[in-house]
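Participant: Before I ask anything, let me first share the structure, which is written out below as structure tokens.
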């Protein structure tokens, strides 16, 4: 079985994307440009001793799909402790609702958002009382 080990986010404005993900999820960024030979930021999503993966942020190499055309990428979902608080942070940082909060009955709250670069991502709060 194969597992996801790394993810990448493409951005039209890399600095704007860094600000968004720092404001929403408190992610950290390391400049990996000297290693890759191009603009590339390593994304540190949390401590190494906790479950999860880290990723990368790069300049978008081609135009993003227009609104309403759907995604052209792998959509990642981020686990959160407080769905409503995280949604407020997303909206305050310039994100938009793509699909509103919904109950995965008996399991969790789930929803999808667009970042400042038009990329889709999900948030997921485990909750056995979700209905």
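Please treat every number below as a calculation from the coordinates, not as lab data. This structure is a prediction, so every number in the text was calculated from the model and none was measured. Backbone-built Cβ (ideal geometry, glycine too); neighbour counts: all protein chains shown.
Participant: Compute the helix-to-body angle for 83-92: its Cα long axis versus the longest principal axis of the chain, expressed 0 to 90° and rounded to tens.
Facilitator: Between helix and principal axis, roughly 40 degrees.
Participant: Could you work out how far apart the two model spin labels at residue 92 and residue 104 are, taking each label as a point 7 Å from the Cα in the direction of the beta carbon, and quote it in nm?
Facilitator: If labels sit at residue 92 and residue 104, their model points lie 2.6 nm apart.
Participant: When a/c is below 1.5 the answer is rounded, else prolate if a/b is larger than b/c, else oblate, so apply that to segment 13-61 with a ≥ b ≥ c taken from the square roots of the Cα gyration tensor eigenvalues. Let's see the in-between values first.
Facilitator: Details: a/c = 2.48, a/b = 1.34, b/c = 1.85.
Oblate, because a/c is 1.5 or more while a/b does not exceed b/c.
Participant: Also: For segment 33-94, report the convex hull volume of the alpha-carbon atoms normalised per residue, in Å³, without decimals. Present the calculation step by step, with values, prior to reporting the outcome.
Facilitator: On the way: hull volume 9.1 nm³, N = 62.
Each residue corresponds to 146 Å³ of Cα convex hull volume.
Participant: Still on this model: Report which label in [x] 27, 18, 14; [y] 25, 18, 14; [z] 33, 14, 11 holds the value of semi-axes √(5λ) of the Cα gyration tensor in Å derived from the coordinates of this structure.
Facilitator: For semi-axes √(5λ) of the Cα gyration tensor in Å, the calculated option is [y].
Participant: Contour minus end-to-end for residue 4 and residue 60, with contour as 0.36 nm per residue of separation and end-to-end as the Cα-Cα distance? Please list the in-between numbers first.
Facilitator: Working: separation 56, 0.36 × 56 = 20.16 nm, distance 2.11 nm.
In short, 18.1 nm is gained.
Participant: Can you give the angle from 0 to 90° between the axis of helix 14-25 and the longest principal axis of the chain, with both taken from C-alpha atoms, to the nearest 10?
Facilitator: For 14-25 against the chain, the angle is about 30 degrees.
Participant: Here's something else I'd like to know. Rank the residues 77, 116 as a footprinting-exposure proxy: fewest other Cβ atoms within 10 Å of their Cβ go first.
Facilitator: 77, 116
Participant: How much mean residue ellipticity at 222 nm does the chain get from its helices, if each DSSP H run of length 4 or more adds -39500 (n - 2.57) and you divide by all residues, to the nearest 500 deg cm²/dmol?
Facilitator: Working: 3 runs with 26 residues, N = 131.
So the calculated ellipticity at 222 nm is -5500 deg cm²/dmol.
Participant: Then there's this: Output the antiparallel fraction of DSSP beta bridges having both residues in the chain, as a percent to the nearest 5.
Facilitator: Details: 21 of 30 bridges.
If I count the DSSP bridges inside the chain, around 70 percent turn out antiparallel.
Participant: Could you work out the relative contact order of the chain, using alpha carbon pairs under 8 angstrom and six or more residues apart, expressed as a whole percent? Walk me through the numbers before you get to the answer.
Facilitator: On the way: 231 pairs, mean separation 30.6, N = 131.
With pairs under 8 Å counted, the relative contact order is 23 percent.
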